[in-house]
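Accompanying notes for the structure given below.
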Amino acid sequence: MNYLRLHITLLFIVMTMISWSQQENRLIRHGNRQYEDGNFKEAEIDYLKSVQTPNASHKGYFNLGNAWYMQDNYIQASAAFDTLRTFRMDDETRSKSYYNLGNSLLKAAQDSAQLAQQFLPASIEAYKQSLRLDPEDQDAKYNLAYAQKLMQQPQQQQQPKASEEAREKE
């Protein structure tokens, strides 16, 4: 009789986990449609809901970071991308998450001269991490060089020219 209860309990737990996983995937898919339509705020809401599910995956955080980035919320985007360090991912996805972290930190540094001293070195390190995982990524190489160039400039000159913007990747 105890074995039967144990099996029923385990079955219930497994079914609940599957249901949560499906809910997360449904939210991410809906958020992706919103994102593709340019509705970044609506996508953000779906992605936020997805990361609040009990078994949240890296996909929700990655997409949430992208949605925040597209809304110019660079500090929030960098927090989402930084959270990805705790997840298991393949090297390609991890490289992209570090790349996007670097972009978010770089944009935040460009928005605030006071934060530049803190965010530029972190951006450079994120690009380096990305390149350790994907040494052939030309965009990461370019953005790393750009961030290093900004780091060398005097504090007053850290506002970039429009033609020298960092390359973005989704």
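Within the stretch 10-19, is there a residue that is surrounded by fewer than 20 Cβ atoms within 10 Å (Cβ to Cβ), among the small types (G, A, S) and at pLDDT 95 or above?
no
Every residue in the stretch 84-118 that is more than 16 Å from the chain's Cα centre (by Cα), touching a residue at least 40 places away in the same chain (Cβ under 8 Å) and either within 23 Å of A56 (Cα to Cα) or open to solvent by less than 40 Å² (accessible area, probe 1.4 Å) (or both), please.
Those that are more than 16 Å from the chain's Cα centre (by Cα), touching a residue at least 40 places away in the same chain (Cβ under 8 Å) and either within 23 Å of A56 (Cα to Cα) or open to solvent by less than 40 Å² (accessible area, probe 1.4 Å) (or both): A109, Q110, A116.
Is it the case that E36 is of a type outside the set (G, A, S) and surrounded by fewer than 17 Cβ atoms within 10 Å (Cβ to Cβ)? Write out each step before concluding.
Values: of a type outside the set (G, A, S): yes; surrounded by fewer than 17 Cβ atoms within 10 Å (Cβ to Cβ): yes.
Against the criterion (of a type outside the set (G, A, S) and surrounded by fewer than 17 Cβ atoms within 10 Å (Cβ to Cβ)), E36 qualifies.
What are the residues in the stretch 85-118 that are within 14 Å of Y146 (Cα to Cα) and touching a Lys or Arg at 6+ places or on another chain (Cβ under 9 Å), if any?
Y99, G102, N103
Pull out all pairs, ordered by first then second residue, where Cβ-Cβ is under 6 Å, the residues are six or more apart or on different chains, the first lies in the stretch 31-51 and is within 14 Å of A80 (Cβ to Cβ) and in contact (Cβ under 8 Å) with a residue 24 or more places away in the chain, and the second is assigned to a helix (DSSP H, G or I) and among the β-branched types (V, I, T).
Close Cβ pairs satisfying both conditions: S50/I28.
The values are calculated or read from the model by the stated rules, or taken from the named source; none is laboratory data. Note that this is a predicted model, so its numbers are computed, not measured. Glycine also receives a Cβ, built like all others from the backbone with ideal geometry; neighbour counts cover every protein chain displayed. For the accessible areas, the whole protein counts, side chains as well, though only heavy atoms, and no ligand, DNA or RNA atoms are used. Shrake-Rupley method; radii C 1.70, N 1.55, O 1.52, S 1.80 Å.
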